[in-house]
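A.B. asks: I am attaching a structure below and will ask some questions about it afterwards.
None of the figures in this text is laboratory data; all of them are computed from the coordinates on show. As the structure is a prediction and not an experimental result, all values here were calculated from the model. Please note: Cβ atoms are built from the backbone with ideal geometry, for glycine as well, and neighbour counts cover all protein chains shown.
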Amino acid sequence: MNLFALTRHPAARIVRFPLTADLQNQIEEVFNAQLQAFETDIVETIPFDGRYVPDEGELLVIEEFEDVDGLADAAANPFGIDMFDPATHSLESVKALFVSVRRNDADCVLIQNFERRRLIANKGLAMFFSGNTFHKMSDEGLTLDTRLLAVLEGGSLRFQSFHFLRRIFDLTEYYREATNDEVATFATHQKLSVDDLPNFLAAAGPLIRKKISLISQSGILDNYTTAQIVASAQSFNVVIAVGDDGRIKLPANKTELRRLLRFLDEDYYESPLSQTRFLSNSKRVAD
């Protein structure tokens, strides 16, 4: 089994670690056990849309994942990948470790997150214990994580934590934040108005841009009248100001703006049994 590192270095994006035969076998056992744990008790795999946080027993999936870093190619052609050389490469640039296992007549890439705390550095006076004695470390090393971050198989990327996955891959295409042009288009929608567009653009952080992107994709402003939106908001005690021109005013206050955007993104809902009203930070369309 080959062990690869995905790095931050543009000239050596993927490197392969030289391993002893015994270490190869041990790494294979570790990753196979982690793959089994990753897939055990999974009852549902849910297409990722940026809105839903999976529960226990669920995984998210990005179909037709664009493997721009070439993990699958490295797995298929390991000897075409440069071997790790401490004189050229640095373990500090590593952001993920991965291996490949063969199943269903195809390569299955198993990916681990790599954090700096797993780096065994030889800076200063680093020691390790062996043979009842501490010895000075002359070389740097690393430790493996205890679980998988993701599995890439047949073009599908399965995972549970988007938070950690976005540290490894550029997922802008799958989890978009609205651009300045898109924020401006949203703020000047025929049903909305803003007092100071340049200030609104400057103050729009990642959360606001994410919500604007999702609201724009949903088409909710086009599908409902201003009167319907205001009436529905009142039932959840969300105050919406409407100007003399009949447009909904986007608040300058960030807290009020986030509340309005969360309402437009339909984060508010009512229990059909108790009629209790809730605010959700994760949702998916019910079957």
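A.B. asks: Given R₀ = 35 Å, FRET efficiency for Ser280-Ala76 by Cβ-Cβ distance, to 0.05?
C.D. replies: 0.25
A.B. asks: Show me 143-153, 70-80 ranked by packing, highest mean number of other Cβ atoms within 10 Å first.
C.D. replies: Those peptides, ordered most packed to least, come out 143-153, 70-80.
A.B. asks: What is the helix-to-structure angle for 21-39, meaning the angle in degrees between its Cα long axis and the longest Cα principal axis of the chain, kept from 0 to 90 and rounded to the nearest 10?
C.D. replies: So the helix axis and the longest Cα principal axis differ by about 20 degrees.
A.B. asks: In whole Hz, with x marking every Gly and Pro, tabulate ³J(HN,Hα) for segment 56-70 from phi via Karplus 6.51 cos²θ - 1.76 cosθ + 1.60, θ = phi - 60°.
C.D. replies: 4, x, 10, 10, 9, 9, 10, 7, 6, 5, 8, 7, 5, 7, x
A.B. asks: Follow-up question, since we're still on this one. What is the sum of charges, Lys and Arg at +1 and Asp and Glu at -1, for the other residues whose Cβ falls under 14 Å from the Cβ of Ala37?
C.D. replies: Here the charged neighbours net out to -3.
A.B. asks: Also: Given the chain, what count of lysine pairs have C-alpha atoms under 30 Å apart, with each pair 8 or more places apart or on different chains?
C.D. replies: Within the chain, the lysine pair count is 19.
A.B. asks: Apply the Karplus parameterisation 6.51 cos²θ - 1.76 cosθ + 1.60, with θ equal to phi minus 60°, to every residue of segment 9-19 and state each ³J(HN,Hα) to the nearest whole Hz, in sequence, with x for glycine and proline.
C.D. replies: Using θ = phi - 60°, the values come out as 7, x, 8, 9, 4, 10, 10, 10, 8, x, 10 Hz.
A.B. asks: Here is a follow-up. Spelling out what I want: for every residue of segment 268-273, take phi, set θ = phi - 60°, compute 6.51 cos²θ - 1.76 cosθ + 1.60 (Karplus), and round to whole Hz; glycine and proline get x.
C.D. replies: Result, ordered by residue: 8, 8, 10, 5, x, 8 Hz.
A.B. asks: Using amide H atoms built in the peptide plane, which far-off residues or other-chain residues are under 5 Å from Ala150 H to H?
C.D. replies: Ile111
A.B. asks: Sticking with this one: Roughly how many Å is it from the Cα centre of segment 201-217 to that of segment 222-274, as a whole number?
C.D. replies: A separation of 16 Å, based on Cα centres.
A.B. asks: Along the Cα→Cβ direction, 7 angstrom out, place labels at Asp85 and Ile220. What is the inter-label distance in nm?
C.D. replies: 5.6
A.B. asks: By how many nm would the segment from Asp170 to Asp244 lengthen if fully extended, with 0.36 nm per residue of separation less the alpha-carbon distance?
C.D. replies: 22.3 nm
A.B. asks: Summing Lys, Arg as +1 and Asp, Glu as -1, what charge do residues with Cβ under 12 Å from the Cβ of Glu63 carry, Glu63 excluded?
C.D. replies: Net charge around Glu63: -3.
A.B. asks: Moving to a separate point now. Could you state the angle between the C-alpha long axis of helix 254-264 and the longest principal axis of the C-alpha atoms of the chain, as a value from 0 to 90 degrees rounded to the nearest 10?
C.D. replies: 80
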